[in-house]
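Please read the structure below before turning to the comments.
The values are calculated or read from the model by the stated rules, or taken from the named source; none is laboratory data. Given the structure is predicted, the values throughout are model-derived calculations rather than measurements.
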Amino acid sequence: MSFIPVCSSIDVNGLCDGTITYVDAYLLPADSAPMLGLLLAGGFDAELATTAFFGVISLFVVGFTVGIIINQLRKLRI
């Protein structure tokens with residue numbers, strides 16, 4: 001954590017027109033922008049969740065179908 005100067009108001013030229021206060025804050029490096037975006041968005045990606053959901057459902061259907069086929073083949077042998 002470090003202290004960052006914060007101006008209460010800025011004039012038209014971009015200079016501090018009000019009082020300067022120091023705020024205790026965390027500084028993030030420039031290369032951490034993707035991680036910060038993930039943190040601010042809540043870490044949930046709807047497209048990835050949809051892909052994962054359909055992947056799990058597809059694996060369930062494939063496994064269930066293979067189980068039914070194997071069961072029918074076992075019944076035919078007897």
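Could you check the range 20-43 and list, in sequence order, the residues that are among the hydroxyl-bearing types (Ser, Thr, Tyr) and at pLDDT 90 or above?
Within the range 20-43, Thr21, Tyr22 qualify.
Among the residues of the range 17-58, which ones are in a loop (DSSP other than H, G, I, E, B) and of a type in the set (Ser, Thr, Tyr)?
Thr19, Tyr26 - these are the residues of the range 17-58 that are in a loop (DSSP other than H, G, I, E, B) and of a type in the set (Ser, Thr, Tyr).
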